[in-house]
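The values are calculated or read from the model by the stated rules, or taken from the named source; none is laboratory data. Small disclaimer: the values here were computed from a predicted structure and weren't measured. Using ideal geometry, Cβ is built from the backbone for each residue, glycine included, and neighbour counts are taken over all protein chains shown. Just so you know, the surface numbers come from the protein's heavy atoms only, side chains and all, with ligands and any DNA or RNA stripped out. Shrake-Rupley method; radii C 1.70, N 1.55, O 1.52, S 1.80 Å.
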Amino acid sequence: MSDVPLTDLDAPPPARTTFTRGLGAENPVLVQALGMCPTLAVTNSAVNALAMGLATSLVLLVAATVVSAARHRIPTQVRIASWVLVIATLVTCVDYGLQAVALELHAELGAFVSLIVVNCLILGRMEAFASRQPVPLAVADALGMGAGFTGALLVLGVLREILGSGTLFGVAVLPSSFQPWTVMLLPPGGFFALAAVVLLRAAWPGRPAEADR
């Protein structure tokens, strides 16, 4: 990360474009390959994937709002330390909140909730966008990136849970004769599922070849 002065970009993109690029052209998981640790670790079920995606998105949204609002007041020399402090505070709030309302789910996610602090998606959006744009655009960017991240995790979680357990959100969806693919619940299953989704996305009919560049 460079130490260039943090000034607003000359031609900020429209809010709609800022939002939609996180869903497709700049999807954090399927295109930028960010946040791979939680992507591969907690997507063994749809519930875990959705919870992690929403927790990360909430932190991203609030952090982007705070950083954008204070972008002209934070000295360049301490900007990253300031952002980490903001993110860590928000993650602590989310961590305790999750413990209070869903203790079993919190135990399932384990240390990965706390590790949101070092998720490169969040710090990267603070450096690349929120610190350089007004609050409305920063919010649009955070919403788009958060939705793209959550959507990708949910797709992986649904795929792995159905194939690995024959259930979806804990409800049986496949016949009792189905033999679960246990490997899909293990770490290698995360790589298999991610590779399959990325391949299908690349081969999607009608998708422009240069759409993500």
Once you put a point 7 Å from the Cα of L168 and another 7 Å from the Cα of A70, both along the Cβ direction, what distance in nm separates them?
4.3
Length gain on complete extension for the stretch L115 to F192, per 0.36 nm per residue less the alpha carbon to alpha carbon distance?
25.4 nm
Averaged per residue, the 1.4 Å probe accessible area of the chain, protein heavy atoms only, in Å², is roughly 51
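Local charge sum around W181 (other residues, Cβ-Cβ under 15 Å, Lys/Arg +1, Asp/Glu -1)?
Result for the local shell: 0.
Just to be sure I understand the rule: take each whole DSSP H helix in the chain, project its Cα atoms onto its long axis, keep it if the span is 24 Å or more and its mean Kyte-Doolittle hydropathy is at least -0.5. Which ones pass? Could you put the intermediate results ahead of the total?
Details: long enough: 46-69 (34 Å, 1.98); 79-101 (33 Å, 1.43); 135-165 (43 Å, 1.44).
For the chain, where a helix must reach 24 Å along its axis and average at least -0.5, the hits are 46-69, 79-101, 135-165.
Longest span of the chain, sites excluded, free of chymotrypsin sites (Phe, Trp or Tyr not before Pro) in DSSP loop with at most 13 other C-beta atoms within 10 Å? Please list the in-between numbers first.
Working: sites that count: F169, F178.
My reading of the result: 1-168 is the longest stretch.
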Run the quick spin-label model on A100 and Q77: label points 7 Å from Cα toward the beta carbon, then report their separation in nm to one decimal.
3.9
Rounded percent of accessible protein surface that carbon and sulfur make up, region 41-91, 1.4 Å probe
73
Where is the GNM fluctuation largest for the chain (alpha-carbon springs, 10 angstrom cutoff): R79, R201, R71?
R201
What residue among S45, S68, S176 shows peak mean-square fluctuation when the chain is described by a Gaussian network model with Cα springs under 10 Å?
S176
Can you tell which of L90, L105, L61 shows the greatest fluctuation in a Gaussian network model of the chain with Cα springs below 10 Å?
L105
Mind giving me the nanometre distance, one decimal, between the label points for T89 and A25, set 7 Å out from Cα along Cα→Cβ?
3.5
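How far, in nm, would the chain grow between V135 and Q179 when pulled straight, counting 0.36 nm per residue and subtracting the alpha carbon separation? Present the calculation step by step, with values, prior to reporting the outcome.
Working: separation 44, 0.36 × 44 = 15.84 nm, distance 5.02 nm.
Separation in residues times 0.36 nm, less the Cα-Cα distance, equals 10.8 nm.
Counting Lys +1, Arg +1, Asp -1, Glu -1, what net charge surrounds T17 among other residues with beta carbon under 12 Å of its beta carbon? Before the final figure, lay out the partial values.
Numbers: positive: R16, R21; negative: E26, D141.
So the environment of T17 carries a net charge of 0.
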Taking the Cβ of A193 as the centre, find all other residues whose Cβ is under 13 Å away and add up their charges (Lys, Arg: +1; Asp, Glu: -1).
+1
